Amino acid sequence: MKNFLAGVLCAILLAAVALAIYLGAGFMDVASEGQPPAWESSLMTAATHASVRRRAGTAANPLPGTDATLIAGGKRFLGDCGGCHGAPGKPSDFGATFYPPAPQFAQIGTAYTETQLFWVAKHGIRFSGMTPEGPYYKDPALWSIAAFVARIRNLPPTVAEALKPPAPK
Amino acid sequence: MKSFVLGFVAAIVLPLAVVVGALRLGAFEVRADVHAPAWQKSLFDFAVRAAVRRLAPRVQSPVPHTDAELIAGGHLYLNACAGCHGNPGGRPQNLTEYLPSPEFAQVGTAYSEPELFWIIEHGIRRTGMSAYATSFKEREVWSLAEFVKRMHDLPPPVLDALRPKKH
């Protein structure tokens, strides 16, 4: 038993010293270019999803599920979110310079529900480039963006048409 | 000896298992509309500073320290950086962020110009500071670094030149 405790103590001390050297001597990776390794991405993505699921609740989107809602949300998304999150058919190079990189919803879709998307847009995600948008938008505007992102891979043709950039003259 | 090794392994594996389990259960808060607790912010800053000191190029800035250069850097800054880091000579914006973007006009910076150069080129992982090496030429990054270094203490003619024009 005494040996067991000595082993525990020894491991804690060693870990503390190793951590102090890792952080203090500048060995922590800080550059935000490049992709996180697969183990890190899958662990942190799972952790973020689990945390959002636990907190976002299940409130229904209060806006009508109409094309008009999707178009309004789409306009906001393309204007204000597309810089990092890309547009249909046009992933953002800028979004790729963050660590973790900004998800390109038009390419990969999203596993979040509208309610969870609303929560993420409103509150942001710490330790990422996703800043809280709550201070800049009223709730209905955020719900319209959430509705759009949830459907971004599967937009009704009329909505996709309405959001097309005007043809060059 | 066998129980020593057992204790050693248990002290490493158990805490790791608890952290991974807590992560998977969603026990950690992710919302970013609160400020990080002070201990977390200081620990993060401490580790980032140490890493940037280790990695920054050991060279002098190749751009001249002139008002004209500061103005050139200032224009780049106003376009690309001011949205998060605030305006020269302006009031603080106090954005709601977990790890707030430093507002250099108010707080200055302890980083040297080569260190700022490195940060602008490569970004800071797990923050809103992305990597700009592909967006700017190297010379422009040096000129940005010089501007940021001097931002809390700009010569009045530079401030004047960067003030928004009245219509």
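List of remarks:
- Protection proxy ranking, peptides B:32-40, A:93-101, average beta carbon neighbours within 10 Å, highest first: A:93-101, B:32-40
- Trypsin sites (Lys or Arg not before Pro) within the range B:1-103: DSSP coil, no more than 14 neighbouring Cβ in 10 Å: B:Arg58
- Taken one residue at a time, the phi angles of the range A:21-32 give Karplus couplings (6.51, -1.76, 1.60, θ = phi - 60°) of 5, 4, 7, x, 8, x, 8, 5, 5, 10, 4, 9 Hz. Gly and Pro are set to x.
- Per residue, the convex hull spanned by the Cα atoms of the range B:1-139 amounts to 169 cubic angstrom.
- For A:Lys138, the lysines whose Cα comes closer than 22 Å to its Cα, not counting residues fewer than 8 places off in the same chain, are A:Lys75, A:Lys122.
- Cross-link partners for B:Lys137 among the aspartates and glutamates, with Cα-Cα distance under 13 Å and sequence neighbours closer than 8 places in the same chain left out: B:Glu121.
- ³J(HN,Hα), Karplus 6.51/-1.76/1.60, whole Hz, each residue of the range B:8-21, x for Gly, Pro: 4, 5, 4, 5, 8, 6, 4, x, 4, 5, 5, 5, 4, x
- Rounded to the nearest Hz, the phi-derived 3J(HN,Hα) couplings of the range A:63-78 under the Karplus curve 6.51 cos²θ - 1.76 cosθ + 1.60 (θ = phi - 60°) are 7, x, x, 10, 4, 4, 4, 5, 5, 4, x, x, 4, 5, 4, 5, where x marks glycine and proline.
- Here chain A has an Rg and Dmax of 21.1, 83 Å, counting Cα atoms alone.
- Divided by 2.2 N^0.38 Å, where N counts the residues, the Cα radius of gyration of the protein assembly as shown comes to 1.16.
- Projecting the Cα atoms of A:Val120, A:Gln35, A:Val17 onto the charge dipole of chain A (Cβ charges, centred on the Cα centre) puts A:Val120 farthest toward the positive pole.
Each value in this text was obtained by applying a stated rule to the coordinates, not by laboratory testing. Source: prediction; values computed, not measured. Cβ atoms come from the backbone with ideal geometry, glycine included; neighbour counts cover every protein chain shown.
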